[in-house]
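Beneath this line is the structure, given in C-alpha cells, with notes to follow.
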There are 2 protein chains.
Amino acid sequence: MAKIKALTNGTKKDSILKNAASLFRKKGFRAASVRELAEMMGVEAPSLYNHIGSKSELLQEICFDVAKDFTAHMKTVLASEKNAAEKTAALIRFHIAKMYNDFDKVYVSDNEWKQLHKAEADDYLARRREYENAFAGIISDGIREKLFTKMHPRIATLTILSALRGLELRQQNKKEFSLKELEENMVRHLINGITI
Amino acid sequence: MAKIKALTNGTKKDSILKNAASLFRKKGFRAASVRELAEMMGVEAPSLYNHIGSKSELLQEICFDVAKDFTAHMKTVLASEKNAAEKTAALIRFHIAKMYNDFDKVYVSDNEWKQLHKAEADDYLARRREYENAFAGIISDGIREKLFTKMHPRIATLTILSALRGLELRQQNKKEFSLKELEENMVRHLINGITI
DNA sequence: CCTACCGATCGGTAGG
DNA sequence: CCTACCGATCGGTAGG
C-alpha cells in the first residue's frame, strides 16, 4: 500500500532544492509549477515525487533551512563577548554574506514564507519574531551602554532588517561591487547611523 | 457583440481596488482568487467583470498608480532648491508616509509586480531603475558636495531603498510608534549613516 | 523513471 | 447583478 520511498540520494535532493529555490525566486511559489521544476531536472513531473513529498515540502525545507542558519548564528553572537555594536555588525555581515552566497534560498525564505501552510507559516513567523526580539535586545543594550544614540530600538531593528532582507543581489550588482565592498558600505551605513 | 461596459462608478472601482490591494497583500497575487475578491465585495465572481477587465488589470492599476506617485515626487524633489542631504531626507519621508498611509497598495506594488504580464513587468522595472538612478545621482551629488562620506552610491541607494521598501507596517507596529516617530528615527538612521 | 489520468480550482464568457 | 458553464492548468496518484 505505502509506496517505498527511494533512498534520498542527498545529491539529487539537493539538486532539486537548488532548482526549486531558483524557480520559486524567479516566478514566486504559486506561479511556479511542479512541471517546470521537473523540466529543469530533465524528468517528467510525476517522477519528482520519488524524491519529494509535495511541492509545499520544498518550500518548507528552504524556509526552515534558512531560518535555522540565522537562528544558530544569533545564538553564537548572543553568547559572544562582543559589545552591542560589534554584535550588531556581526549580524549585519552574516545577513549580507548569506544573501550574497545563497541568494535564491534566502530570497525565497524572506519573500515566499507566506505561502507555507498555516501551521508552518505560524511557526516560521514565531521564529522570525524571536529573532527580531533578540536583535532589538542587542540594540537596547547598545543604547544602555551609550554606544548607540537614544532611539526607538524596534524602529532601528525594523530599519536594519528591512534593509538586509530586501537586498536584491542580481548578477549585475555582483559586477558593480564585491561582497567585501557591499559589507563594508552597509555595515558603516547602518551602524554609523545609530552610533553616538 | 461587444459587451457594454458599465460606467465605472469611480467609488465602486476604487472599492474593488482597495479590496484587491488588501487581498493581494495578504495572500499574494497568484494565491488570491477573483472569487475571494467577489466575496469581499458581496457579489458573485462574474459580476465583478462588469467593473474590471481582468484580474491582472487590477494588479496593473495598483502597481502603476504607486509608481506614478513616486516618480512624480522624485521629479519635484529633483527640481527643488534643496541640497543633496535634504533631497534624500525628503525622499525617505515620502516613502515612509506612503507606506504608512497606503500600506496595501505600496506593499503589493513592491512585492507583487513580478506577477505582471511580461510587457508590464518590463515597463515597471524600467521605471523602477530610472527612479533608482535618480536616487543614486542625488547620493553622488551629496558626496561631491562633501555632505556625504565617500562610498559606493549604488550601495547606499540599495541600502536606503531596501530599508524603505521592505517596511512591513502591521497594525501592531502602528501601536508601538507613530508615523512621526518612525520618520524621525529612520531619517536620522539612514542619513546620519552616510553623513560626514 | 514513465504513461495515463483524476479531481479541484481557476479566470473568464454567454446569456439573460 | 446572477446562473450556468467552459477550457486550461495544477498538484498529485495509480500502476507498471
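Just so it is clear, none of the values below were taken in a lab; they were calculated from the coordinates. Quick caveat, the model's predicted, so the values are computed rather than measured. Cβ coordinates were reconstructed from backbone atoms using ideal geometry, including for glycine residues, and neighbour counts include every protein chain displayed.
Numerical summary
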{"quantity": "Rounded tilt (10° steps) of B:118-144 against the dominant C-alpha axis of chain B", "calculated": "20 degrees"}
{"quantity": "Segment B:70-95 versus segment A:8-69: alpha-carbon centroid distance in Å", "calculated": "43 Å"}
{"quantity": "For segment A:37-131: rounded, prolate or oblate by the Cα gyration tensor [a/c cutoff 1.5]", "calculated": "prolate"}
{"quantity": "Cβ-Cβ FRET estimate between A:LYS82 and B:SER15, R0 fixed at 56 Å, reported to 0.05", "calculated": "0.60"}
{"quantity": "Cα-centred dipole magnitude for the protein assembly as shown, charges only on beta-carbon of K, R (+1) and D, E (-1), debye, nearest 20", "calculated": "140 debye"}
{"quantity": "Computed magnitude of the charge dipole of chain A (debye, nearest 20; Cβ of K, R +1, Cβ of D, E -1)", "calculated": "160 debye"}
{"quantity": "Förster-model FRET efficiency, 25 Å R0, B:ALA121 and B:SER33, C-beta, rounded to 0.05", "calculated": "0.75"}
{"quantity": "Restraint check, B:LYS87/B:LYS146; B:LYS55/B:LYS105; A:LYS105/B:LYS55, Cα-Cα greater than 18 Å", "calculated": "A:LYS105/B:LYS55"}
{"quantity": "Spatially proximal aspartates and glutamates relative to A:LYS150 (Cα-Cα < 20 Å; intrachain offsets below 8 disregarded)", "calculated": "A:GLU86, A:GLU132, A:ASP141, B:GLU176, B:GLU181, B:GLU183, B:GLU184"}
{"quantity": "Nm distances between copies for B:ASP14, ranked from closest, using label points 7 Å along Cα→Cβ", "calculated": "5.6"}
{"quantity": "17 Å cut-off, amide nitrogen to a point 7 angstrom out along B:THR149 Cα→Cβ, residues in segment A:153-174", "calculated": "A:160"}
{"quantity": "Per-residue mean of C-beta atoms belonging to partner chains within 10 Å, peptide A:152-162", "calculated": "6"}
{"quantity": "Out-of-range pairs (alpha-carbon distance over 22 Å; input A:LYS98/A:LYS175; A:LYS75/A:LYS174; A:LYS175/B:LYS75; A:LYS118/B:LYS27; A:LYS114/A:LYS175; A:LYS27/B:LYS27)", "calculated": "A:LYS75/A:LYS174; A:LYS175/B:LYS75; A:LYS114/A:LYS175"}
{"quantity": "Choice from A:PHE103, A:PHE177, A:PHE135 showing the highest fluctuation, given a GNM over chain A with Cα pairs closer than 10 Å", "calculated": "A:PHE177"}
{"quantity": "Globularity index of segment B:106-152, i.e. its alpha-carbon radius of gyration over 2.2 N^0.38 Å", "calculated": "1.56"}
{"quantity": "Rotationally averaged projected area of segment B:56-192 (alpha carbon convex hull; nm²)", "calculated": "8.3 nm²"}
{"quantity": "Distance (nanometres) between label positions extended 7 Å along Cα→Cβ at A:LYS180 and B:ARG129", "calculated": "2.9 nm"}
{"quantity": "Label 7 Å beyond Cα on the Cβ vector: B:ARG127 copy-to-copy distances, nm", "calculated": "3.7"}
{"quantity": "Whole-number D in µm² s⁻¹ for the protein assembly as shown, Kirkwood Cα-pair radius fed into Stokes-Einstein, 4 °C, 1.567 mPa s", "calculated": "57 µm²/s"}
{"quantity": "Formal net charge of residues neighbouring A:SER33 (Cβ-Cβ distance under 12 Å; K, R +1; D, E -1)", "calculated": "+3"}
{"quantity": "Residue-averaged 222 nm ellipticity for chain A, from DSSP H runs of 4+ at -39500 (n - 2.57), nearest 500", "calculated": "-23500 deg cm²/dmol"}
{"quantity": "Cβ-vector label at 7 Å, B:SER178, separations to other copies in nm", "calculated": "4.8"}
{"quantity": "Tilt relative to chain B, helix B:153-165 - C-alpha long axis, 0 to 90 degrees, to 10", "calculated": "40 degrees"}
